[in-house]
Amino acid sequence: MSNITCKKLTKKYADLQVVHGFDLEVKDEEFIVFLGPSGCGKSTILRMLAGLEDITTGTLEIGGRDVTTAEPGERGVAMVFQNYALYPHMTVRKNIAFGLRRSGLSAEEIDTKVNDVVQMLALAPYLDRKPAQMSGGQQQRVAIARAIVKTPEVFLFDEPLSNLDAKLRQQLRVEIAKLHKKLKTTTVFVTHDQLEAMTLADRIVLMNAGNAEQIGTPQEIYTKPRTLFVADFIGSPSMNFLPSTMEGPAAKTSVGILTLDAMDFTPSTSGSATLGIRPQNISLVRQNDSDLVLNGTVVFTEYLGNEVMMVVDCAGTEISIVVDAPNAVAEGIETTLYLAQEFLHVFDSESGLRLNND
Amino acid sequence: MGAQMANRITFGSISARVVLACVVIFAVFPVVWTLLNSFKEVVDIVTPTPKLFFTPTLENFRYVFERPSVRLGLSNSGIIVFSAVALGALFGIPAAYALAHMKSRVGDEIKFFVLSLRFLPPVAVAIPLMSIYLDLGLYDTRLSLTMTYVLLTLSTIIWLSIPAFERVPQNIEEAARLDGYGPYAIFFLVALPVAGPSLFGAIIFSFILVWNEFLIALMLTTSEAKTLPIVASEFTLLGRNVPWGILNASVIVLSIPPLIFLGVLSGFLNRMFKK
């Protein structure tokens, strides 16, 4: 059992508090992704899990053992860094074996373990090279091999794909997913890339300013964003937001009064709410009788291949929508937008909390 | 287009080479002339028209090496400089490693203190040291000169080694911590080998600094602990006619160890300026 329990973790540098009471229960074999903008504290928490940053207050357990103050080498964790962090003066073979030399294994056992991992990651041709003689992608695969060979209880990844170009990034992402399916080691993976988070995670921890804004499966995060921040951060292009004042089901917005008669939500206490809808949930043809209708003029289009992103000016407010390429409308043409109420989100403008009852 | 570019490069590189050659001749000629003179008889040196071709003689070198003062100076220089550099490296390199990791005001103050050791003119330090060593009965001993030189090598090695350790990526040492290694193991197995080439340069630099040192040695020694630069300078006092050949030969003997290391050092300087 290699579960991780974080209880009220905080981190303070002199006067600056960067993590505020972080709680998380990671189940055995789970793949957790910390996602958030830069400076949100996600890397700091990962480094606290690794033992590279002291925990100011709170407790941390890995596999049921309290490791709050344990040395990094005693926590049963292995880490992969953004800049690979290979030992530049050692060959690939020595890099991978370096961590095992402390474990009291015999030379033959170390060789066997190293060879297994080398096989798994197809690194055999590079064994006698130094890191500087390899591409970034290969170096990161060596770093992953170095982590795997220790058979740790927990893998920690600190933005491991951020230094790679787009194509390699995707390849290695798939490789990491496959490795997790095979090894089933509990994993915490930090990234600012939502695509990586959505594709890899069992659960995403969406971080904002030192707090977990929402913890949930990729699907939950995407379809039921708990707050405005989450709704805005996840999804591409970003969700459309319409600030409004509410009177019962009627929402007074800059694009006119929208009657939310087919929605179930708790009215906001302040009376002001923000409506949110994803560009993909707006259609150019009516799907339901309850669809909300907006009229506007296309002001900008962006060809994405099989889809087109259109920006539509509705009474001075720009709404972006994504439609299948053949259905796209050219710039300058007037068009009608149909917003499906089942995909509409209502947020309290003051607290930022989502008010939908689902 | 291709030919034009080739022409331009050729023209540019030729003019650069001409300038470079002039500078090299200007810098190297005195050294070459000294080398030639060290193989000449005095008559060939003092002739009004400089001689490029002459019958070489090893007489000057024989004279230099047969003098007991030169042998003593050579062994003094060897022992004192080697000890001072070894002690400076033994204490300076770990100190630099610690300072490179000390990201606080205290660390900055210590770094500045180390650098400030090099601000004082050597004479200002040598006179008080002279009276201290006289009181302790250590004046004109290898021990006292070694101790004094350690002050120079230690500060130089610390100051040059701090950037070498700062260039070792922090994540590499963190990876070693996660691999279960303690601070001493990380220093010896990771930081030292990675920073090694630059540290070697720092050691060589401090060697040349104390090998060539003249002023302090002049003030702290009179006979027993005289180093080679002092002995060589005394050749100018041999009688009324300056023995040019012997003087040149002693300069060559003095220059050989630093010259050997200079080849090594140039690699280090390249590394420093590349970053």
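Below are the figures for this structure:
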item	result
Residue satisfying condition, being within 26 Å of A:PHE233 (Cβ to Cβ), basic (Lys, Arg) and touching a Phe, Trp or Tyr at 6+ places or on another chain (Cβ under 7 Å), within set A:LYS8, A:LYS42, A:LYS27, A:LYS12	A:LYS42
Count of segment A:143-188 residues which are within 14 Å of chain B (Cβ to nearest Cβ), among the basic types (Lys, Arg) and farther than 18 Å from A:ILE62 by Cα	1
Options B:SER161, B:SER144, B:SER206, B:SER131; residue that is surrounded by fewer than 21 Cβ atoms within 10 Å (Cβ to Cβ) and more than 14 Å from chain A (Cβ to nearest Cβ)	B:SER131
A:LEU275, sole failed condition from (1) closer than 20 Å to A:THR317 by Cα; (2) surrounded by 14 or more Cβ atoms within 10 Å (Cβ to Cβ); (3) within 16 Å of the chain's Cα centre (by Cα)	(3)
Selection from segment B:114-154 of residues that are of a type in the set (Gly, Ala, Ser) and under 17 Å from B:ALA225 (Cβ atoms)	B:ALA126, B:SER131, B:GLY137, B:SER144
Single residue of B:GLU224, B:GLU213 found to be at pLDDT below 85 and of a type in the set (D, E, K, R)	B:GLU224
Any chance A:ILE110 is away from chain B (no Cβ under 12 Å), crowded, with 17+ Cβ neighbours inside 10 Å, part of a helix (DSSP H, G or I) and aliphatic (A, V, I, L, M)	yes
Candidate set: segment B:173-182, residues that are within 7 Å of another protein chain (Cβ to nearest Cβ) and in a helix (DSSP H, G or I); chosen: the one surrounded by the most Cβ atoms within 10 Å (Cβ to Cβ)	B:ALA175
The listed residue being crowded, with 23+ Cβ neighbours inside 10 Å and in contact (Cβ under 8 Å) with a residue 40 or more places away in the chain, out of A:VAL188, A:VAL230	A:VAL188
Test: residue in segment A:49-56 that is crowded, with 22+ Cβ neighbours inside 10 Å, of a type in the set (Gly, Ala, Ser), part of a loop (DSSP other than H, G, I, E, B) and in the same structural domain as A:ILE215 (by TED's automatic domain parsing)	yes
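Yes/no per residue for (1) within 14 Å of another protein chain (Cβ to nearest Cβ); (2) of a type in the set (Phe, Trp, Tyr); (3) more than 20 Å from the chain's Cα centre (by Cα):
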{"residue": "A:PHE31", "(1), (2), (3)": "no, yes, no"}
{"residue": "A:GLY36", "(1), (2), (3)": "no, no, no"}
{"residue": "A:GLY39", "(1), (2), (3)": "no, no, no"}
{"residue": "A:MET48", "(1), (2), (3)": "yes, no, no"}
{"residue": "A:GLY58", "(1), (2), (3)": "no, no, yes"}
{"residue": "A:GLY64", "(1), (2), (3)": "no, no, yes"}
{"residue": "A:VAL67", "(1), (2), (3)": "yes, no, yes"}
{"residue": "A:GLU74", "(1), (2), (3)": "yes, no, yes"}
{"residue": "A:VAL77", "(1), (2), (3)": "yes, no, yes"}
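Let's see how each residue does on (1) within 12 Å of another protein chain (Cβ to nearest Cβ); (2) buried (at least 23 other Cβ atoms within 10 Å of the Cβ); (3) part of a helix (DSSP H, G or I); (4) under 24 Å from the mean Cα position of the chain (by Cα):
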residue	(1), (2), (3), (4)
B:THR156	no, yes, yes, yes
B:TYR184	no, no, yes, no
B:LEU189	yes, no, yes, no
B:LEU192	yes, no, yes, yes
B:PRO197	yes, no, yes, yes
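The values are calculated or read from the model by the stated rules, or taken from the named source; none is laboratory data. As the structure is a prediction and not an experimental result, all values here were calculated from the model. Ideal geometry is used to build each Cβ from the backbone, glycine not excepted, and the neighbour counts take in all protein chains shown.
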